Ligand code: IVH
C-alpha cells in the first residue's frame, strides 16, 4: 500500500511541477486553476497520511512555516552589483562608444531586457536543490529569506539538472493584477494599502512570518548567474538565459539580442510603447554586452559593470499647488526645506511632500509658496519639486525665508562657507537630531534593532526616556509598556531586539555612531584598518588618512566627533552596557600578516568551508574578493575550481592549492 502511495505522490509532484513550469516559465497553462488545485489537494492529503514521505522540496511545502525571530545574514559569495544609469540617448551613445573603444570593435552585440521594478535576490541551488535565497542588502551581505522565497511558486524548488553549486540572480516582483487584488483585500480588512507593486513585493518578502508571504502572490524573473560550479556556462548572455529557462527559471519574454546603438535605442522605444500593457512594472531597460568573454575584458568600476547599463524611463511628473514650505532637521543638523503639496498622484503613489534640497535650489528654481509646481518622482527616489509653472503664479505668492533658528530646538543655524546647507548648531541638544541619531543607530545596517521605528523613537525622546543611544540599554519594561500603543508584549519584543543588537561587529558599531561623512563603507575600512575600537579612539587625523579612501575631510569629521567629550561618554556607556564585537587583538591592522593582500577563494576546500577560510583570512588582515583581477595577490584553488582559476592563470596571479594555503595560514 505504501508503495502505491509513494508512486502516486511522485507522480503528483512531477505533474504539479510540470504545470508550474508551464504556468510560470512558459506562460502557457494547460489546465484550469481548479484542476490544478485538485491535484494539489490530493498530494497534500497523501502527504498527511504518509508523513514519512514528505520532503522539503515537495510543491506542497510552499505554504510557509513557523515565524522567524529575525533574518540571518548571508555573505554573498559573488557580490551583487548594481547598474549605472542612462537617462538620455546621448548617455546611451556614450556608453556604446566607450565599449567600442575599449574593445576596439566597430559594432557590438547586446543582450537587452526589461528592467524589472522589484527587488534583487540571489538563489542558491546545490546539486540542483534550492537551499538558500537572500536579498541583495549592501551587495556583499544580504538577508536570508529562504523560507519566504520557498513560497514563491515561480521559483523552482529544484532545477531540471543537478548542478553542483549555482547562484541564480533575479528579481522578485508582484504582477499588477496580484497587487490590485492584494490591495482590495487589504481595504476589505481595513488594513493599510500598498503604494505600488514594488512596495507590496518588498513588504511581502521581508515578512518574518513566511505564511504571510505565502498568502501574497509574488513572482520572479531570473536575469543572470552568479557563481556556478558543476555546469559549463555558455559563452553568451542570451544563451545563459536560455539555460536558466531550461533549468526551470522564468526569464523575461521581452528579451532580445540587438546590434549596435541603433539596436539599443530601437528596443528602448519598443518596450516603452509596450510598458503600460505589460503585466508587471518596469522602470527602464537593461543593455548588456552579450559575449561574456568581452564582459570579462571590460570588467567593473567600483560596484557596477562597465559592460552593462540601465536605460531608465523618464521620471514621471505631475502638477500641483505648493501649500507651504517647512524645514526639517536631519541627523547631522542639516535643515532641509520640504514642500507641502496638495496631494497628487505621480509615479504610482500619492505625494504630499517633496524635497526642495536646500536654499540655493529654491532660489535657482525661484519656487514660492502658493506656486503651481511640477513634482517629479523617479522609481524609489524621494519626490522633488522640478520646476515652477510661472504663468500660474498667484499675485500673493510668498518667498521662502530660511529661519535663523532651528525650528525644533531654537539653536542658531549656521552655514559653512563651502556648504550648500544650513545646519542647526544644537548638536545632540536638539531633539530632532537626537531622534535621527537614534533611528540611525538602530537601523538595519547599524545595530539592527528591529521594531525601533520613527513613531517609537519620537515617543521615547519626547517622554525623556531616551536621550542618547546608550539610554536604550537602560530602558525598563514598566516604563516602556506604559507608552501609548505599546503594551507589555511589544515592550518585551523591543527589549529583546535591543539586547539582540548588543552582539555586533566593529564596522557596524562605528557606522551606528553616525559620524558625519563616515558611511558604511568608511566604517568597514576603519574597522579593517584599526582592528579595535581603542586603536580608532587613539587615532589622529594623520593616522586616519592612512586608511583606504579616507581623505582630510573625512578624517577631520572623525577627529571632531571623537574630540567631543559627550560622544566619548556615550561610547563608554555603550561598551559598559555590554555592546560588544570580536576584535583583532589590540594590534594595528597594518601590522597583520596579510594586510593589503587580496585573496580570491574558488573551488571546495577539504579542511574548511569557504566562509571559514574567508573569516580566517580577514582576521589576518586580508581582503577576500569575489573576482580575480590584476590586483589579486593570491587565488586559493580548492577541488573543482572553475573559471576563476583560468582567469588567475591568464593574469599570472599566484595560485595556491589547499596544502600550500594551509601552510601559509599556519605560518
Ligand atoms: S543585471 C551585473 N538585469 O537593477 C548586473 N538587473 O541597478 C547586475 N534589475 O540590483 C544586474 N532588472 O535589482 C539586471 N534585467 C535586469 C534587471 C536588473 C532589474 C535590477 C537589479 C539590480 C538593479 C541594478
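Quick look at the values:
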read-out: Percent of beta bridges antiparallel (DSSP, the stretch 565-667, rounded to nearest 5); value: 10
read-out: Packing rank of 250-257, 560-567, where each peptide gets the mean count of other beta carbons within 10 Å, highest leading; value: 250-257, 560-567
read-out: Inter-centroid distance (Cα atoms) of the stretch 229-248 relative to the stretch 162-177, Å; value: 13
read-out: Antiparallel %, DSSP beta bridges [both residues in the chain], to 5; value: 85
read-out: Which of 424, 430 has the fewest Cβ neighbours within 10 Å, and the rest in rising order; value: 430, 424
read-out: Rounded Å value of the spacing that divides the Cα centres of the stretch 199-223 and the stretch 356-435; value: 37
read-out: Segment residue 300-residue 161, length gained on full extension (0.36 nm per residue, minus Cα span); value: 47.0 nm
read-out: Sequence of 350, 468, 135 once ranked by neighbouring C-beta atoms within 10 Å, starting from the fewest; value: 350, 468, 135
read-out: Difference of contour (0.36 nm per residue) and Cα-Cα distance, residue 393 to residue 323; value: 23.9 nm
read-out: Shape category assigned to the stretch 133-272 from the gyration tensor of Cα positions, a/c cut at 1.5; value: oblate
read-out: Antiparallel bridge percentage (DSSP; both residues within the stretch 247-361; nearest 5); value: 100
read-out: Prolate/oblate/rounded call for the stretch 508-667, Cα gyration tensor, a/c under 1.5 rounded; value: prolate
read-out: Packing rank of 184-193, 333-342, 491-500, where each peptide gets the mean count of other beta carbons within 10 Å, highest leading; value: 333-342, 491-500, 184-193
read-out: Rounded if a/c under 1.5, otherwise prolate or oblate - the chain, Cα gyration tensor axes; value: rounded
read-out: Cα centroid separation, the stretch 633-660 to the stretch 92-114 (Å); value: 31
read-out: Packing-based exposure ordering (other Cβ within 10 Å, fewest first) of 205, 233; value: 233, 205
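Read-outs throughout are calculated quantities, based only on the coordinates presented, and are distinct from any laboratory measurement. Source: prediction; values computed, not measured. Please note: Cβ atoms are built from the backbone with ideal geometry, for glycine as well, and neighbour counts cover all protein chains shown.
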